[in-house]
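The values are calculated or read from the model by the stated rules, or taken from the named source; none is laboratory data. Please read these numbers as outputs of a predicted model, since none were measured by experiment. Here the Cβ positions follow ideal geometry from the backbone for every residue, glycine too, while neighbour counts run over all protein chains shown.
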Amino acid sequence: MKHRFRLWGGIIFALLVGIVLFVFAMFQGDRVSWFLFFGYMPVFLYECGTLIIPAGAWKVERELSHHIIQAGEKVSVRLIMERKWPWPLFLCVVEELFPKSLQYSSMQAPSTKSTLSEGNLRRMKKILFPGFSRKIELHYMLESIPRGVHEFVGLRLMTSDCFGLVKKEHIFPAVDKLISYPNDRNLAGFNKGSMMNEGNESGPISMQATNVASGARTYISGDRISSIDWKKTAQLQQLMTKEFEQEIGREIVLILDACAFENGDVATFETSIELALGLIRGEAKQMGGTFLSVGKSTKTFKLADSAVESEILHHLAAMKQEVHKPFSVKLKEELLRSQGAKEIIIITTNLNSALEETIIKAQMGRVSITLIVVSLSTHQKPDFVQKLDRLRMHQVRVLSYTSKGTAGGVK
């Protein structure tokens, strides 16, 4: 509406100038007055031509160097604009209409914030001087692309004459899709049996069954005290640890919390997705487990299927935190369906009292549970630390992980 008023204002101004010059020439009648009137006529005709030619007469195309990438990578974009009539244009402003999903920067990019600040949104706005050119090309680079399915909606084109009297604006629906798959993040020591935290050893996390002893081996720093074979230790005069066989028919269930909650953070959610993908590509896939994405709807993937990874990648790329039910309620429902599972790994960014109670009740049902909690900082609130301690008291293996990649205590 604002641009329409400005356009009509310019037209009326140009028309009034022509009328005033004509009236002045009629009453004055000398050569100077008629020279001014006829000298203004080319300008008036140019303004009329600029007004008549529609702003949407351009044909706009967008070319992406890649349509499928990994989060944090770059994409080169080429814009091609063509028109039929080589009418002279003094000014042309091209602006890319980025989707909201691109107003974040990837966590993989160095020295960048997870969310672009309000005054530093991702923008592409260029000023061109096309003149008589019928074809315009411009290039720009998209950097630090975050995870997601990004749909470009169009381009905004604003044109103006050299006097600034006639300004037009048009939005071209140039639709393109860019898919950015998440990166995987490995938990150091997760499948080695121990996790290091600032040089200190903590309890092991193992995805192997631990109820059938098959032999003994030399004690390694990080092994559980409860797994020491005291009889062999006394015989050989050195610490020995029991070795366990993997239980036949054992099922691993990996559960990712994708439920929205108040004061949720983008960086922690992205980290939880990367950790889930790292575990899927690691031990969970080798043992043929199940992956559950619990959000507005629950998606189930059987990891034994070799072709399922591409489906998981696409699902994780498009995943959003959406409000439906609290994660604790949906987790309780899924645990009832997964009663045959012996090992359950839960990744969440929101450890509350309801979730704590649900996990403790499931653990009492003799289900081995590993809880991975992703948080913003290593400096946790006392209430959060108390929840972790209570879970450990009930034999729940707990890992606190920060979005910057620092592991907390594991027991």
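Filtering LEU351, LEU355 for residues that are in a helix (DSSP H, G or I), under 22 Å from LYS325 (Cβ atoms) and in contact with a helix residue (DSSP H, G or I) (Cβ under 6 Å, 6 or more places away or on another chain) leaves a single hit, LEU355. When ILE205, ILE179, ILE171 are checked against the criterion of being at pLDDT below 80 and β-branched (Val, Ile, Thr), a single residue qualifies: ILE205.
Across the range 116-172, the number of residues qualifying as of a type in the set (A, V, I, L, M, F, W, C), surrounded by fewer than 16 Cβ atoms within 10 Å (Cβ to Cβ) and assigned to a loop (DSSP other than H, G, I, E, B) comes to 6. Say we look at the range 356-411 and pick out the residues that are more than 28 Å from the chain's Cα centre (by Cα) and of a type in the set (Ser, Thr, Tyr); which of these is modelled with the lowest pLDDT? So the residue we want is SER368. Restricting attention to the range 34-43, does a residue exist that is without any contact (Cβ under 8 Å) to a residue 12 or more places away in the chain, buried (at least 16 other Cβ atoms within 10 Å of the Cβ) and more than 30 Å from ASN183 (Cβ to Cβ)? Scanning the range 34-43, I find at least one residue that is without any contact (Cβ under 8 Å) to a residue 12 or more places away in the chain, buried (at least 16 other Cβ atoms within 10 Å of the Cβ) and more than 30 Å from ASN183 (Cβ to Cβ), so the answer is yes. If you filter the range 61-77 down to residues that are buried (at least 16 other Cβ atoms within 10 Å of the Cβ) and of a type in the set (Gly, Ala, Ser), you find that the one that is nearest to SER144 (Cα to Cα) is GLY72.
Please tell me if GLN380 is among the polar types (S, T, N, Q) and more than 30 Å from GLN70 (Cβ to Cβ). Yes: the conditions hold for GLN380. Taking first residues from the range 88-104 that are assigned by TED's automatic domain parsing to the domain that holds LEU121 and partners that are surrounded by 17 or more Cβ atoms within 10 Å (Cβ to Cβ) and hydroxyl-bearing (Ser, Thr, Tyr), the Cβ contacts under 7 Å between residues at least 6 apart in sequence or on separate chains come to LEU89/THR159; PHE90/SER160; LEU91/THR159; LEU91/SER160; CYS92/THR159; TYR104/SER114. Residues that are touching a strand residue (DSSP E or B) at 6+ places or on another chain (Cβ under 9 Å), outside any strand (DSSP E or B) and under 21 Å from ILE252 (Cβ atoms) within the range 361-391 comprise ALA362, GLN363, VAL367, LEU391, listed in sequence order.
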